[in-house]
Amino acid sequence: MLELAILGYLAEGPLHGYELRRRVEQLSGHTRPVSDGSLYPAINRLVKRGELARHAEPGAAATQKYVLTLTEAGRAELLHRLREPGQLEITDHARFMTILAFLSQLPDIEEQHAVLRRRLEFLEAPASFFYDGDRPLSAEEVADPYRRGMMLMARAISRAERAWLRQELAGAQESSRTAPAAPAPRH
């Protein structure tokens, strides 16, 4: 997801490495800190694959600052990753949030909504953190108060996300029904 975040932010415009790092850290939050040991190797891989271009600019005290720019190959890779996220990108909350942060980069709203529908389908499938054999347990069936609390919080988050996804998908359907028809071509 680090590479997707890098590509996504650079799709918005060129950035210095330190600004890119700040934005990626803000997106990932405290749960997934970004170290130099992961960020700069990821940048170097993207440069080596031709997805990013790097050029030096003069900096303070004669030090050079590097500016990163997304290439056409990088834009194509970004769009591919957004159109066809892997199953883990759909099922893992933090990874899906990274997809969501850049989903509007896809120019086709139908492609955007296909990704949202995949996430909604995942969230609507019965699941639990705890099971009795193959049967998922509900929060009300769990005696441990901390596990129950964990499950109640997850349920609330899932409900809110499902409601938002349904609203987005229904709103798109409604706007496509009420959109004015294109004028007929003149002969």
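Of the residues Asp132, Asp92, Asp108, which exhibits the maximal mean-square fluctuation in a Gaussian network model of the chain defined by a 10 Å Cα contact cut-off?
Judging by the Gaussian network model, the answer is Asp132.
Restricting to Cα pairs below 8 Å that are 6+ residues apart, what does the relative contact order work out to for the chain? Please round to a whole percent. Let's see the in-between values first.
Values: 160 pairs, mean separation 31.5, N = 187.
Relative contact order for the chain comes out at 17 percent.
If each residue of separation counts as 0.36 nm, what is the full-extension length gain between Thr69 and Arg83 once their alpha-carbon separation is subtracted? Walk me through the numbers before you get to the answer.
Numbers: separation 14, 0.36 × 14 = 5.04 nm, distance 2.15 nm.
So the extension gain works out to 2.9 nm.
Taking Cα atoms, how many degrees apart are the long axis of helix 145-178 and the longest axis of the chain, rounded to 10 and kept between 0 and 90?
Once rounded, one gets 70 degrees.
Mind checking segment 1-38 for GluC sites (Glu not before Pro) that DSSP puts in a loop (not H, G, I, E or B) and that have at most 15 other Cβ atoms within 10 Å?
Working: sites: Glu3, Glu12, Glu19, Glu25; in loops: Glu12.
Here the GluC sites (Glu not before Pro) that fit, given the DSSP loop and packing criteria, are Glu12.
Under a point spin-label approximation (7 Å from Cα along Cα-to-Cβ), what is the Glu111-Glu141 distance to one decimal in nm?
The answer from the label model is 4.2 nm.
Please work out how much length the chain gains when fully extended from Leu100 to Asp132, using 0.36 nm per residue of separation minus the C-alpha to C-alpha distance, in nm with one decimal. Mind dumping the intermediate values first?
Numbers: separation 32, 0.36 × 32 = 11.52 nm, distance 3.36 nm.
Full-extension gain reported as 8.2 nm.
Can you tally the net charge around Glu3? Count Lys and Arg as +1, Asp and Glu as -1, for every other residue whose Cβ sits under 11 Å from the Cβ of Glu3. Spell out each step's value before the answer.
Numbers: positive: Arg45, Arg49, Arg81; negative: Glu51, Glu77.
In short, +1.
Once the piece of chain linking Tyr40 and Ile157 is laid out straight, how much longer is it, given 0.36 nm per residue of separation minus the C-alpha distance between them? Walk me through the numbers on the way to the answer.
On the way: separation 117, 0.36 × 117 = 42.12 nm, distance 3.33 nm.
Taking Tyr40 through Ile157 to full extension adds about 38.8 nm, to one decimal.
What number, rounded to the nearest 500 deg cm²/dmol, is the helix-based mean residue ellipticity at 222 nm of the chain, given -39500 (n - 2.57) per DSSP H run of at least four residues and division by all its residues? Could the numbers behind the result be given before it?
Values: 8 runs with 112 residues, N = 187.
Mean residue ellipticity at 222 nm (helix-derived): -19500 deg cm²/dmol.
For the Cα atoms of the chain, what angle does the longest principal axis make with the long axis of helix 72-83, in degrees from 0 to 90, nearest 10?
Its long axis makes an angle of about 0 degrees.
We did not get these values from a lab; they are worked out from the coordinates using the rules stated. If you're wondering where the values come from, they're calculated on a predicted model, not measured in any experiment. With ideal geometry, Cβ positions are generated from the backbone for all residues, glycine too; neighbour counts draw on all protein chains shown.
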